[in-house]
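What follows is a set of notes on a single structure, which appears directly below.
The values are calculated or read from the model by the stated rules, or taken from the named source; none is laboratory data. It should be emphasised that the depicted structure is a prediction, and the values quoted were computed from it without experimental measurement. Glycine gets a Cβ as well: all are built from the backbone with ideal geometry, and neighbour counts include every protein chain shown.
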Amino acid sequence: MSDATVLLAKGLDKDKAVVDVRGTPFFRKGATGVADSIQAVEEAAVVRAPAYWLAQGRIAAVRDARSRGNVKLALEEVVWSDWHNALGDTDVFATEKEYQGFKKGVFVADIVNGTVFSHDHQRIRDSVLNRNGLQLQNGAVRLTSQDADMLFGEGMVYGWKDGKMQPVKATLYRSGAEFLEASADPHFLDQDPVYAVIRPIEEAQHEPSGYQAVSAQLDNIGLAIRLGGKRMVRELLVDEEGKQHFGWSTFGSHHRDYAADIHSGRVVVVDAHSGGVGSLSLVSYFGRPVGVAPEALDARAKIVAPLPLEVTVDREAAVQEEKMIPEDHVRRLLRDHFGYTAEIVQQGLHVLHSYQAKK
């Protein structure tokens with residue numbers, strides 16, 4: 001397993017000590033890269049980071065950089081400079097029957113911190129390689145009636161529990177508005193929720209895709225759903241005065257044509273820099289999920305406050321030792337090296353003495 005380089009959280013514990021939490025990127029190349037990288041995370045017995053953990057890491061990087069006096073230092077963090085697959089799906093279902101709370105119809109389900117298919121790397125691999133009766137649909141994994149029954153009927157998805165991926169209960173939101181109301185709670189993400197926002201396709205199709213002005217993206221429902229709410233999107237993109245952290249004019253939020261993706265699912269990707277978040281990517285591509293070790297999760301739980309935003313200065317830089325050069329050495333430098341006359345040298349020394357008097 002490679003080094004843990006991806007910042008996911010940074011803050012203060014109860015003793016005001018800095019806690020730095022990082023995950024490990026599992027990069028795999030080739031057409032089965034997504035499947036192979038998910039398998040690697042599973043074999044390492046670590047949890048895949050959802051998109052909102054990656055967003056929290058980016059926000060922490062911004063705060064840390066601001067405290068050092070240069071917000072653009074945040075872009076040197078791998079969590080900003082590279083793309084990563086997240087634990088989450090964008091799935092389009094055409095339900096074949098009614099479920100409690102859901103009539104028959106076509107729905108877009110955004111699953112966050114859970115999945116209906118990406119726990120099964122063999123299913124993805126077989127779909128990519130067109131074997132064992134499986135194949136891709138427009139570069140996405142085909143969904144089944146069993147997937148729909150699990151999500152709509154049982155309210156279950158696959159999530160991390162007791163050291164492995166297994167069926168877990170998900171909180172279901174039946175519209176974007178219902179989710180926005182719930183996620184407005186500042187403690188919404190405190191317990192690392194597993195949730196699914198299930199929207200009728202007619203509602204979801206109003207969600208813009210592509211690069212939009214940063215000011216417009218602050219209200220983008222797709223970004224809010226994948227990143228844990230509007231508050232998270234705002235902290236990610238702008239400061240307290242509404243200014244974009246890095247001077248970017250646009251930011252991305254991407255999805256395929258939902259109508260063309262019926263009965264299929266895609267893995268969510270958090271792109272580098274201003275690339276944004278979305279589910280455009282094919283599952284027959286490279287993979288780079290972030291795995292988080294149990295000890296990192298334990299450290300993350302100890303954070304009780306974010307980093308302060310006050311600019312701090314290194315004590316060694318702030319308190320410099322005052323070094324005095326003997327007057328005779330200065331006199332000899334000016335006279336013998338630069339060729340100044342004795343009168344000019346004396347005038348220069350008077351000026352130096354006046355500087356010291358003004359301290």
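Would you pick out the residues in segment 173-212 that are in contact with a helix residue (DSSP H, G or I) (Cβ under 8 Å, 6 or more places away or on another chain), of a type in the set (A, V, I, L, M, F, W, C) and not in a helix (DSSP H, G or I)?
Ala184, Phe188, Leu189, Ala196, Val197, Ile198
Criterion first (modelled with pLDDT of 95 or more and surrounded by fewer than 16 Cβ atoms within 10 Å (Cβ to Cβ)) does Gly159 satisfy it?
no
Given Lys10, Lys16, which one is touching an Asp or Glu at 6+ places or on another chain (Cβ under 7 Å), of a type outside the set (A, V, I, L, M) and more than 30 Å from Val283 (Cβ to Cβ)?
Working: Lys16 fails: touching an Asp or Glu at 6+ places or on another chain (Cβ under 7 Å).
Within the list Lys10, Lys16, the selection yields Lys10.
For segment 243-258, does any single residue satisfy the condition of being at pLDDT below 95, under 18 Å from Val270 (Cα atoms) and of a type in the set (Lys, Arg)?
Among the residues of segment 243-258, at least one is at pLDDT below 95, under 18 Å from Val270 (Cα atoms) and of a type in the set (Lys, Arg), which makes the answer yes.
How about segment 6-22: which of its residues are hydrophobic (A, V, I, L, M, F, W, C) and part of a loop (DSSP other than H, G, I, E, B)?
If the condition is that a residue be hydrophobic (A, V, I, L, M, F, W, C) and part of a loop (DSSP other than H, G, I, E, B), then Ala17 is the only one that fits.
All but one of (1) crowded, with 18+ Cβ neighbours inside 10 Å; (2) among the polar types (S, T, N, Q); (3) assigned to a strand (DSSP E or B) hold for Gln166; state the number of the condition that does not hold.
Failed condition: (1).
Given the condition assigned by TED's automatic domain parsing to the domain that holds Lys104, buried (at least 24 other Cβ atoms within 10 Å of the Cβ) and within 18 Å of the chain's Cα centre (by Cα), answer yes or no: does some residue in segment 213-221 qualify? Show your work before the answer.
If we filter segment 213-221 for residues that are assigned by TED's automatic domain parsing to the domain that holds Lys104, which is where we start, we get 213-221.
Then keep just the ones that are buried (at least 24 other Cβ atoms within 10 Å of the Cβ); that gives 217.
Next, only the ones that are within 18 Å of the chain's Cα centre (by Cα) stay: 217.
Looking for residues that are assigned by TED's automatic domain parsing to the domain that holds Lys104, buried (at least 24 other Cβ atoms within 10 Å of the Cβ) and within 18 Å of the chain's Cα centre (by Cα), one finds at least one in segment 213-221, hence yes.
Got a sec? Which of Ser279, Ser264, Ser274 is modelled with pLDDT of 90 or more, out of contact with any Lys or Arg (no Cβ under 7 Å at 6 or more places or on another chain) and of a type in the set (S, T, N, Q)?
Ser274
Take Asp3 and decide whether it is in a strand (DSSP E or B) and surrounded by fewer than 19 Cβ atoms within 10 Å (Cβ to Cβ). Can you show your working first?
Numbers: in a strand (DSSP E or B): no; surrounded by fewer than 19 Cβ atoms within 10 Å (Cβ to Cβ): yes.
No; evaluated as a whole, the condition is false for this residue.
Every residue in segment 188-209 that is more than 18 Å from the chain's Cα centre (by Cα) and exposed (fewer than 14 other Cβ atoms within 10 Å of the Cβ), please.
Across segment 188-209, the qualifying residues are Glu202, His206.
Do you know which residues across segment 23-62 are part of a helix (DSSP H, G or I), among the charged types (D, E, K, R) and touching a strand residue (DSSP E or B) at 6+ places or on another chain (Cβ under 6 Å)?
Once the filter is applied, which keeps residues that are part of a helix (DSSP H, G or I), among the charged types (D, E, K, R) and touching a strand residue (DSSP E or B) at 6+ places or on another chain (Cβ under 6 Å), segment 23-62 yields only Asp36.
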